[in-house]
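The values are calculated or read from the model by the stated rules, or taken from the named source; none is laboratory data. These numbers come from a predicted model, not from an experiment. With ideal geometry, Cβ positions are generated from the backbone for all residues, glycine too; neighbour counts draw on all protein chains shown. Surface areas here come from the heavy atoms of the whole protein model, side chains and all, with no ligands, DNA or RNA. Shrake-Rupley method; radii C 1.70, N 1.55, O 1.52, S 1.80 Å.
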Amino acid sequence: MRFTPSFLDEIKARLPVSEVVRRRVKLTKAGREFKGLSPFTSEKSPSFFVNDQKMAWFDFSSGRNGNVFDFVMETEGLTFPEAVERLAAEAGLSLPTETPETRAREQRRAGLTEVLELAADFFEAELQGRAGARARGYLADRGLGAATQKQFRIGYSPNEKYALRDHLAGKGASLETMIEAGLLVHGEEIAVPYDRFRDRVMFPICDRSGHVIAFGGRALDKEVSAKYLNSPETPLFHKGAVLYNHHNARKAAHDRGTVIAVEGYVDVISMSVAGFPNVVAPLGTALTADQCDLLWRMGEEPILCFDGDRAGRKAANRAIDTALPLIGPGKSLRFAFLPEGQDPDDLARSGGQAAIAEVLASARPLVDVLWTREAEAGPLDTPERRAALERRLSDLVKEIKDETLRKYYRDEIMARLDAMQGRQPGGAGGRGRGGGKWTGRPGGQGGGGKFARGGFLQPAAGYLFSPPQISPSLAHSQVFARSGGIPRREAEILVNVLHHPVLLARHVEDLAEIEFASREAERLKAAMTALAAESFADFVELRLAVDACGLQGVREAIEIAAQPYPWSIKPDSSDLDAERVLQQALALHRRARALHRELKSAERALGEEANEQNLARLREIQAELTGIEGREAAVEGFGLSSGRKGQVM
């Protein structure tokens, strides 16, 4: 039986390679890929890799590779038709029956693809001809030169009613095919079908394989009512299931580990030119569930980049509502908001790569944007209004279908509600009580204390705040590694700031911009940076403020991971020494993160081309990374300002 390319593509789109492979191979996550032992050879170290973004698997021990059909054929001894039949059933697709009707339908699709390709060629030629002078001027004003125009196949539709129709007819295209491809306007009251796109800058829209399936046109005449015009729905084009620039962004998104979504064609192109090729855009509609799925196939946490105005906030809110029922472990969103009055194109031209990178680095997780939206929806000055906020958030969290993630969102929202009202989690009633006396240590373990300024707590007389004490060997044992997995350097950076609150205000931007591998470290970092505007007399006040955010358990876990404590954290250490240690620790951390990214790139390069140069590069990075991971932040003459000498961390 002959299977059409569109049918095979649909199977691959519905069945991630990892889902099929893991039935025979035990896979573990390895960055943006999965790895496991080869099913074809006997080996002790994994050399079998699966990449869902590339829809492929690679077995370096046997030299084999392929797609999902190849894997089933290789491991189960099936023929290609048998493998397709098996996987189609798993994907919930009926096998196509080869009839005169299906053959005619495939021929029609092929005809549509051909006529759209001819149309793209026509528009490109028109842009470079005499009629395209005005359009070239518009593109030049937007900073899109000839090389960029060619790369993205930008064109121009002349301001004539039948220019494209007559050109395609001269190439043998039928009127019916042009109409079905969405290139002509027709109807009962239209005697002669005419060109849909006229006097517009044309942006070809491609499927994930790079085939032209539709167009978007930007009007040059300011008086035209529709500034942007897309092709209508056709057998090839379904607007809510396509992302502009998907075919170009796939590999870049895989290489960089994330994908960025913006709002328009020119935004995509400008950001690509500025050094961000991993960028796509929905097609003039609110983000759909199908588009979310496409984004997650390219990265676990796509960044949605919106304008900083009211329209941008509205678009972000619609995206939240669409995504909430769909998110789960490894499937979420981050939100980056541009400065007021600027879109990505403006920012790319005014500030270049650095300005865009700064905006993307400040991207906020979905839970933050959801909280902000609801908390800022109206006044919270009465119990009724605060109760309404809690009810709204509770109802929204219920939309999350993944049970585990729903629990974590519920805990996070409850902790924020408690912190907003100065309630101490773990007190009476399970969530604590605000006001009056506080009758328990953090976590409800006895002691006593009272509320201080800002709703935070001060310890009762004689109550010493100290972290859980364990032996150094236990702190670094596999027991603690399995329970938290908090890297020591990440813990030391946070505990250093925690014990020297003055460093929080001085280095809040440094702290906010770095990435931690540990989820617990990220949570504590976020809470501390949010508290940076406060003034804390000593580390006790800062720790109490952190605990009031519902993070006592996280703080204690990180304090355990930092043991044995470096000298800069001890009571007689100075802020100056601690600051110098912090600066070096941050520098080491940034370099280690960069090396990890370089290591992944080197591993991929070696996998794609096993030569001495790629192997030497891999070993060089591994050696430097080993040195970085084992290196401690050393400050020459450390301790002099505190009356001591030595090196720490």
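Can you give the accessible area per residue of the stretch 137-182, in Å², using a 1.4 Å probe?
Values: 2280 Å² over 46 residues.
Accessible area per residue, the stretch 137-182: 50 Å².
Are any of the pairs Lys401/Lys525; Lys12/Lys314; Lys251/Lys398; Lys222/Lys251; Lys227/Lys600 more than 32 Å apart by Cα-Cα distance, and if so, which?
Over 32 Å apart, Cα to Cα: Lys12/Lys314; Lys251/Lys398; Lys222/Lys251; Lys227/Lys600.
Any chance you could tell me what percent of the C-alpha pair distances in the stretch 159-306 go past 27 Å?
When all Cα pairs of the stretch 159-306 are counted, 29 percent exceed 27 Å.
Assuming 1.567 mPa s and 4 °C, estimate D for the stretch 57-156 with Stokes-Einstein, Rh taken as the Kirkwood radius over Cα pairs, in µm²/s.
Answer, rounded: 71 µm²/s.
Please give the charge dipole size of the stretch 286-336, origin at the Cα centre, charges +1 on K and R Cβ atoms and -1 on D and E Cβ atoms. Round to the nearest 20 debye.
That gives the stretch 286-336 a dipole magnitude of about 140 debye.
5 Å is the cut-off here: which amide hydrogens, built 1.01 Å from N in the peptide plane, fall below it relative to Ala261, excluding neighbours closer than 5 in sequence?
Amide H to amide H, under 5 Å and 5 or more residues apart or across chains, Ala261 pairs with Val280, Ile303, Leu304, Cys305.
Calculate one ³J(HN,Hα) per residue across the stretch 300-311 by plugging θ = phi - 60° into the Karplus curve 6.51 cos²θ - 1.76 cosθ + 1.60, and present them in order as whole Hz with x for glycine and proline.
With the stated coefficients, the stretch 300-311 comes to 6, 10, x, 9, 8, 9, 10, 4, x, 8, 4, 4 Hz.
Of all beta bridges DSSP finds with both residues in the stretch 256-351, what is the antiparallel percent, to the nearest 5?
10 percent
Using the per-residue mean of other Cβ atoms lying within 10 Å as a proxy for protection, in what order, highest first, do the peptides 548-556, 507-515 fall? The partial results should precede the final answer.
Details: 548-556: 21.1, 507-515: 15.6.
Descending packing order for the listed peptides: 548-556, 507-515.
Solvent-accessible area per residue for the stretch 202-298 at a 1.4 Å probe radius, Å²?
Dividing the accessible area of the stretch 202-298 by its residue count gives 35 Å².
Quick one: which residues, 5+ away or cross-chain, put their amide H under 5 Å from the amide H of Ile213? H built at 1.01 Å from N.
Ile205, Cys206, Asp207
Taking a 1.4 Å probe, which of Arg208, Arg310 shows the most accessible area, and what order do the others take after it?
Arg310, Arg208
State to the nearest 20 debye the size of the charge dipole of the stretch 276-419 about its Cα centre, where the only charges are +1 on K and R beta carbons and -1 on D and E beta carbons. Walk me through the numbers on the way to the answer.
Values: 20 positive and 25 negative charges, 60 e Å.
The calculation lands at about 280 debye.
Got a sec to turn the phi values of the stretch 208-213 into Karplus ³J(HN,Hα) couplings, 6.51 cos²θ - 1.76 cosθ + 1.60 with θ = phi - 60°, whole Hz, x for Gly and Pro?
Ordered by residue, 3J(HN,Hα) equals 5, 8, x, 7, 5, 10 Hz.
What does the net charge come to around Ile260 if you take all other residues with beta carbon closer than 15 Å to its beta carbon, with K and R at +1 and D and E at -1?
Once all neighbours under 15 Å are counted, the net charge is -3.
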